1. Can you compute the equivalent ellipsoid semi-axes for region 191-235, i.e. the square root of 5 times each eigenvalue of the Cα gyration tensor, sorted largest first and rounded to whole Å?
2. Report ³J(HN,Hα) in whole Hz for each residue of region 237-249, in order, from the Karplus equation J = 6.51 cos²θ - 1.76 cosθ + 1.60 where θ = phi - 60°; Gly and Pro get x.
3. Applying the Karplus parametrisation 6.51 cos²θ - 1.76 cosθ + 1.60 with θ = phi - 60° to the phi angles of region 81-95, what ³J(HN,Hα) value in whole Hz is obtained for each residue in order, glycine and proline being reported as x?
4. Work from the charge dipole of the chain (Cβ charges, +1 for Lys and Arg, -1 for Asp and Glu, about the Cα centre) and give the residue of L42, S225, T86 farthest towards its positive end.
5. Is it possible to state the helix-based mean residue ellipticity at 222 nm for the chain, with each DSSP H run of 4+ residues giving -39500 (n - 2.57), the sum divided by total residues, to the nearest 500 deg cm²/dmol? What is it?
6. Grab the eigenvalues of the alpha-carbon gyration tensor for the chain, scale each by 5, take roots, and send me the semi-axes largest first in whole angstrom.
7. State, as an integer percentage, the relative contact order of the chain based on alpha-carbon contacts under 8 Å between residues 6 or more apart.
8. How big, on average over all directions, is the shadow cast by the Cα convex hull of region 149-284, in nm²?
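Each value in this text was obtained by applying a stated rule to the coordinates, not by laboratory testing. These numbers were taken from a predicted model, which means no experiment stands behind them. We place every Cβ from the backbone using ideal geometry, glycine too, and count neighbours over all the protein chains shown.
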Amino acid sequence: MPSSSDSFSGYQRQRFNRCREDQPTPTSEVTDTALLVEEIPLTISVNGIAYAVMMVTPVQLDAFVVGFARSEGIIEHINEVRDIVTQKAHSSMGIDSLSVDLVVSPRRLAQFKQRKQTHLGATGCGLCGIESLAQAMPELPLLPASEPIQLSILAPLRQQLSRFQVLGNQTGAVHAALLISPTGDPIICMEDIGRHNALDKIIGYALQHNIALHNHSVLMSSRCSTELVQKAVRVGLSRLIHLASPSTLAVQLAIHYGLTLIHLPKQDAPRIFAQTFKTHSTYAL
């Protein structure tokens, strides 16, 4: 499948007027430029049936679409994806946008039609368009017990994340998700203006490369919220590690499903909010 984001870099240079301390008001005479992260509307349809509009950073979009479809329950396996058809569009305001048609197998299409609903997604919300509490909080299968992760792996992760961020280092304003192997080795870093999108890109990458996510970890630059826990549980991911503290409901759901949930504070030792086993002196779960 061809890449749907070849013509996008993920960032653009934008002009701005710089304020000066010796001038009471901004002036157009003092101009500069800055690299800003790209954000575009992405319309997602399934076999021609409209499903969602998401605001995304247009890099690794095939991975995003596959991961989004997996975490939404539209597909379970990569062989259920028949094609990804992408088209560019421009709004009346001159805004660049993309439309993606995910072509799935006949069996998956029949299941999709039974529960079809149209979403309106946003970069700051992962449960937009949900019509009922049962849809927002579905009962998911419990995760199998995972192996412990060594504290020696956890300790340096906060400082290491920036090494793998391309867009983050250029724009300073983008979420990152780093997939980590069971042995602590970094596999791939995905970035997006939306934290949920960054995790979906990881999920899609894993599906495209036949990576089973049991005993794997994902390190995220954001806080952990409910929908991130739900996405992780749906795909069998064993651990979420965050640079910001989780919400109370995220902790409650992680404990319920057996997801290991860890917060890496700036100036303190790792905080384990949900774990599978008891913590030992050299291990954390």
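1. Ellipsoid semi-axes (Å, largest first): 17, 12, 9.
2. 6, 8, 9, 10, 10, 10, 8, 10, 5, x, 7, 5, 5
3. Here the 3J(HN,Hα) series is 8, 8, 6, 10, 10, 10, 9, 8, 8, 10, 7, 5, 8, x, 7 Hz.
4. Going by the charge dipole, the pick is S225.
5. Details: 9 runs with 71 residues, N = 285.
Using -39500 (n - 2.57) per qualifying helix, the result is -6500 deg cm²/dmol.
6. Numbers: eigenvalues 192, 155, 55 Å².
Output for the chain: semi-axes of 31, 28, 17 Å.
7. On the way: 591 pairs, mean separation 47.5, N = 285.
Relative contact order for the chain comes out at 17 percent.
8. Projected over every direction and averaged, the Cα hull of region 149-284 covers 7.5 nm².
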